[in-house]
1. Given Asn164, Val139, Ser149, which one lies farthest toward the positive end of the charge dipole of segment 130-176, if we put +1 on the Cβ of every Lys and Arg and -1 on the Cβ of every Asp and Glu?
2. Report the charge-dipole magnitude of segment 92-174 in Debye, nearest 20, computed about the Cα centre from +1 at each Lys and Arg Cβ and -1 at each Asp and Glu Cβ.
3. Just how large is the dipole of segment 130-246 about the Cα centre, in debye to the nearest 20, putting +1 at every Lys and Arg Cβ and -1 at every Asp and Glu Cβ?
4. Just need the Rg to Rh number for segment 137-235, please, alpha carbons only, Kirkwood Rh.
5. Based on the Cβ-Cβ distance of Arg44 and Glu210, what FRET efficiency does E = 1/(1 + (r/R0)^6) give at R0 = 22 Å, to the nearest 0.05?
6. Set Lys and Arg Cβ to +1 and Asp and Glu Cβ to -1, take the dipole of segment 189-246 about its Cα centre, and tell me which of Tyr212, Tyr193, Ser234 lies farthest positive.
7. Return the distance in nm (one decimal) between the two label points of a simple spin-label model at Asp224 and Ala181, each offset 7 Å from Cα along Cα→Cβ.
8. Mind running the shape call on segment 110-159? Use the C-alpha gyration tensor, a ≥ b ≥ c as the square roots of the eigenvalues: rounded below 1.5 for a/c, prolate if a/b tops b/c, oblate otherwise.
Amino acid sequence: MKKIGLLGLVVPIMLLAGCQTQSSSSQHSAAPSSQAPAKVKKTRFASLTSKLEKEDLKMELPQTSGLGKATKNINVRYTKKGDTTTVYYSVGSSKKKFNDASLEKEHPYLTLTKISGLSKKEITSKINYQAATKGLPTVKLDDETTAVSQGAAGQSYLTWNKDNWSFTVKANSYLGEKPKATANEVVDLLEDYRLPSKDGKGAMQFTVSEQYASLGNEMLFEKDGNLYQVKAHSIKTMFKMMQSLR
């Protein structure tokens, strides 16, 4: 019989021990983790939106405040009178309970209204889409956008159309206001933000002056047989919020 040396016995034993260690390590790494995933804390705006949704308002709502980080003291209330429901978004000196009665005294930075029960003709009339007009002076806003210029009763207007939306910027001539800068701002924002989905035509109107607590910028459109009306202090905030509407 052939003799086996001491080295010949040690090597197989070491290999066997290594396999057992690797198998044990694999079993430990394959064991499921007992730690539950960390819960993501809702923002204040998301929590307030959830409360609105529980009210069964049957309307689309923005999923972002449009204000970035300045939402610590954001407040929300709503009113419902017949076929008209309006949601008021405001920022106060402190947080208030959802739909708190004291919020009536707080100036909203944006309101969203849904009106149901209107006929198609009534909706079209309220939207007041401005069709393109020929034969009037024009102002070029960018390489793809040309607005029609009009003026009457101390007001000057720039109007243009895109994707079944009409856009009108109004300026007060008595105050020396010019509509072009605001019109250019709108054109730039349209490159960055998606407009809400709608049925048929929609219309937007903007004012050059932004007075304290004013809601001089407006968006009107139809969705699922309802008329939606948005009024906002800031054009950019309105676009941000309406992009997230669902």
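1. Final value for the positive-end residue is Ser149.
2. On the way: 12 positive and 8 negative charges, 65 e Å.
About 320 debye.
3. Numbers: 14 positive and 14 negative charges, 41 e Å.
Roughly 200 debye for segment 130-246.
4. The Rg/Rh ratio comes out at 0.96.
5. 0.30
6. Result: Tyr193.
7. According to this spin-label approximation, the distance is 4.1 nm.
8. Verdict is prolate for segment 110-159.
Throughout, read-outs are computed from the coordinates displayed, never taken from laboratory work. No experiment lies behind these values; they were computed from the predicted model shown. Note: ideal-geometry Cβ built from the backbone for every residue, glycine included; neighbour counts use all protein chains shown.
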